[in-house]
Amino acid sequence: MLRDIPVAECIPRIMSALDGVSRIKFTDLFDDVSDRSLVIATFMALLELIRRREVRAFQEARFGPIYLNAQTLQRRRTSVIFISFAGV
């Protein structure tokens with residue numbers, strides 16, 4: 001049975017994992033998590049951090065591992081999203 005876990009409780013755990021390192025693998029967030037509810041809440045918290053541009057998710061190679069890194073305040077202010085409508 002799933003239990004309610006506030007997404008806000010997972011954000012500090014994610015930010016702590018990113019603190020002091022240049023990047024971590026996406027899967028590293030779930031290494032010590034066996035509770036399905038916590039996995040879901042952690043993923044939702046990660047999506048929120050990405051939406052707020054506090055965390056960046058990226059791949060270095062097609063089908064390669066997904067990496068995460070914390071964004072500095074300066075990077076968040078200058079981040080621009082480019083969308084191509086070529087061929088539409």
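Set against the 2.2 N^0.38 Å expectation for a compact globular protein, the range 1-47 has a Cα radius of gyration ratio of 1.12. Placing a label point 7 Å from the Cα of R3 along the Cα-to-Cβ direction, the residues of the range 33-70 whose backbone N falls under 14 Å from that point are 34-41. Here the peptides 20-32, 43-55, 3-15 are ranked by packing, the mean other Cβ count within 10 Å, and the order with the highest first is 43-55, 3-15, 20-32.
Only the coordinates and a few stated rules stand behind these numbers; no lab work does. Since the structure is predicted, the reported quantities are computational estimates derived from the model, not experimental observations. Cβ atoms come from the backbone with ideal geometry, glycine included; neighbour counts cover every protein chain shown.
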